[in-house]
Amino acid sequence: MQIPLACLADYFTRQDDPRLWQRVLAVLDEEFIQRYREESKRREDWYLRIGACSHWIRPHQSRWTAAGGFAWPVGYKGAASMLSDGLPEFDWSVILRFDGEWARVGRFSRKRQIVLRAAVPTRTMRHKQAAVHTMWSTSHRMTFYGFRNIEGIWICVAASDEDQHGRIARETARAQKGAEAIIGQQIL
């Protein structure tokens, strides 16, 4: 049921780290499925629109201070001024529909839709951290996810709504187990 990386891989450049995208998809999948189970009435279509953004606003070196700090993950789209929180503009994006399984689609359909929009930064092969911007169409409230590359393994270390959902502690434990398995394989 995991969001398939293959749906996005055609768009990656040599500067995009697929390992980060894998971790981002795992975190978004968990968030999406949980909300789908809680709120789905089967009268609407559920979508994930995910893509890459290379142009983020960062006025006055604004920072999201969680877990040591990240660049403020907002963009220009719909921003009235440099100080407002606009949507990150996609360089490219993919639309995935969920109805128990993930399927890539060419466009949104039907009138009743719930969409999770997620923007992931580009050039992640050379950076050790990444802040991901997400927004649900129903609430229009932004949620940020902060990822750090620790010894080649991307770990989600912060979420702007952590106080409400508590998912980062679980994610860190999962990533730690994964890292231990990879290190164990390297030793063998």
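Since every read-out is calculated from the coordinates, none of them should be taken as a lab result. Predicted model only: the values in this text are computed from it and were never measured. Reconstructed Cβ throughout: ideal geometry from the backbone, glycine too, with neighbour counts over all protein chains shown.
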(request) Starting from the amide H of Cys53, placed 1.01 Å from N in the peptide plane, find each other amide H under 5 Å away whose residue is 5 or more places distant or on another chain. (result) Asp91, Val120, Thr122
(request) May I ask you to list the GluC sites (Glu not before Pro) in region 1-52 that are in a DSSP loop and have at most 15 other Cβ atoms within 10 Å of their Cβ? (result) Glu44
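Within a 10 angstrom radius of the beta carbon, how do Val27, Val94 rank from fewest other beta carbons to most?
On the way: Val27 22, Val94 17.
Fewest-to-most Cβ neighbours within 10 Å comes out as Val94, Val27.
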(message) Please compute the modelled spin-label separation between Ile150 and Arg123, points set 7 Å along Cα→Cβ, answer in nm with one decimal.
(response) 2.6 nm
(request) List every residue whose amide H lies under 5 Å from the amide H of Gln113, counting only residues 5 or more places away in sequence or on a different chain, with H placed 1.01 Å from N in the peptide plane. (result) Asp45
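Full-extension gain between Gln113 and Ser40, please, as 0.36 nm times their residue separation minus the C-alpha to C-alpha distance.
Working: separation 73, 0.36 × 73 = 26.28 nm, distance 1.05 nm.
Roughly 25.2 nm would be gained on extension.
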